[in-house]
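A.B. asks: This is the structure I want to talk about, given as structure tokens.
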Amino acid sequence: MQSTVAGKQSANRTDDDSDLLLSEKKQRVKSVIRVLKKLYPEAECALHHKSAFQLLVATILSAQCTDERVNQSTPELFRKFPDPAALANSSQEDVERIVRPLGFFRNKAANIRGMAQGLVDRFDGEIPQDLEQLVTLPGVGRKTASVVLGTWFGIPSGIVVDTHVRRITNLLGLTKSQNPEIIERDLMEIVPKSEWINFSHRLIHHGRQICIARRPQCTSCDLLKFCNRTGLDPLV
Ligand code: SF4
């Protein structure tokens, strides 16, 4: 999309005028959501999965790793260990071998096996649809729990803040924090609850396709007129 004059003016704003009032942030986020919905009507989680259990495993494995790499390892993992009972009965060595390419493989293998054991022991092999219960499982933090609840069960329990969401919401002037918990709190104040789940998915798509960390494609970006471009060089 071509950039507009208004867009370029906005793009040249400085950090000093990036402090929006809450009402201005709500207005801006509304516009941003409208654009994102048009750009990415089918907002989907990039981690391949066919069940809540698979999504939980894949999300734990995705820490400090790209979704693409996770998607390369999970087919074998899910074929060998299709459910919580099978993964709980696995050997650490077998699981480590499969998840080795994902980094932190010893911890990740221990976490997914411990999580599966927790499901079998305490939840009858089912994924609890409750954030407080989910975070009692090994390797499951608030972000992982929110991904599973939102993506699989359609339960908005929070807003997932990954590296793309953190970067873009700062650029858009929706938060001034780099702390995911504070960002999530800031966003929950301004994003309508009905949009919590897809807002993250869509920003993540945008971060991969347009607002790429080292080379954001601002002049092709449909969010340009809503973006402070905080910390970036002015557009010429
Ligand atoms: S590419 Fe990123 S920094 Fe550039 S206008 Fe779009 S959202 Fe803002």
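Read-outs: derived from the displayed coordinates by stated rules, not from any lab. Keep in mind the model is a prediction, meaning the values are calculated, not measured. Reconstructed Cβ throughout: ideal geometry from the backbone, glycine too, with neighbour counts over all protein chains shown.
A.B. asks: Under a crude label model (7 Å from the Cα following the beta-carbon direction), how far is THR66 from GLN27 in nanometres?
C.D. replies: 4.0
A.B. asks: Test of understanding: in a Gaussian network model of the chain with alpha carbons linked when under 10 Å, which of LEU77, LEU131, LEU21 would top the mean-square fluctuation ranking?
C.D. replies: Largest GNM mean-square fluctuation: LEU21.
A.B. asks: For region 163-236, restrict the atom set to alpha-carbon positions and state the Rg and Dmax in Å.
C.D. replies: Gyration radius and largest Cα-Cα distance of region 163-236: 12.0, 38 Å.
A.B. asks: Full extension from GLU181 to ASP162: what is 0.36 nm times the residue separation minus their Cα-Cα distance, to one decimal in nm?
C.D. replies: 5.8 nm
A.B. asks: Taking 0.36 nm per residue of sequence separation and subtracting the Cα-Cα distance, how much length would be gained by fully extending the chain between ASN107 and SER220, in nm to one decimal?
C.D. replies: Extending this stretch completely gives an extra 36.6 nm.
A.B. asks: Mind pulling the per residue volume of the convex hull built on the Cα atoms of the chain? Å³ is fine.
C.D. replies: Normalising the Cα hull of the chain by residue number yields 118 Å³.
A.B. asks: Can you order the peptides 155-161, 215-221, 182-188 by their average number of other Cβ atoms within 10 Å per residue, highest first?
C.D. replies: Packing proxy ranking, top to bottom: 155-161, 182-188, 215-221.
A.B. asks: Pull up the cross-link candidates among the lysines for LYS25, meaning alpha carbon to alpha carbon under 25 Å and not fewer than 8 places away within one chain.
C.D. replies: LYS25 reaches LYS8, LYS37, LYS38, LYS143, LYS176, LYS193, LYS225.
A.B. asks: Take PHE153 and SER194, extend 7 Å from each Cα along the Cα→Cβ direction, and tell me the distance between the two endpoints in nm.
C.D. replies: Placing both labels 7 Å beyond Cα along the Cβ direction yields 2.2 nm.
A.B. asks: Under the Karplus relation 6.51 cos²θ - 1.76 cosθ + 1.60, θ = phi - 60°, what is the ordered set of whole-Hz ³J(HN,Hα) values for region 86-103, x standing for Gly and Pro?
C.D. replies: For region 86-103, the Karplus-derived couplings read 5, 6, 5, 8, 6, 9, 4, 5, 4, 6, 4, 4, 6, 9, 3, x, 8, x Hz, x marking Gly and Pro.
A.B. asks: Can you work out ³J(HN,Hα) from phi for every residue in region 157-172, in order, using Karplus 6.51 cos²θ - 1.76 cosθ + 1.60 and θ = phi - 60°, giving whole Hz and x for Gly and Pro?
C.D. replies: With the stated coefficients, region 157-172 comes to 10, x, 10, 6, 10, 9, 5, 5, 4, 4, 5, 6, 5, 5, 4, 7 Hz.
A.B. asks: Give me the distance between the Cα centres of region 107-155 and region 53-97, rounded to whole Å.
C.D. replies: The distance from the Cα centre of region 107-155 to that of region 53-97 comes to 13 Å.
A.B. asks: Treat each spin label as a single point 7 Å out from the Cα along the C-beta direction, and report the ILE212 to HIS48 distance in nm.
C.D. replies: 2.3
A.B. asks: Rg(Cα) of region 52-151 divided by 2.2 N^0.38 Å?
C.D. replies: 0.95
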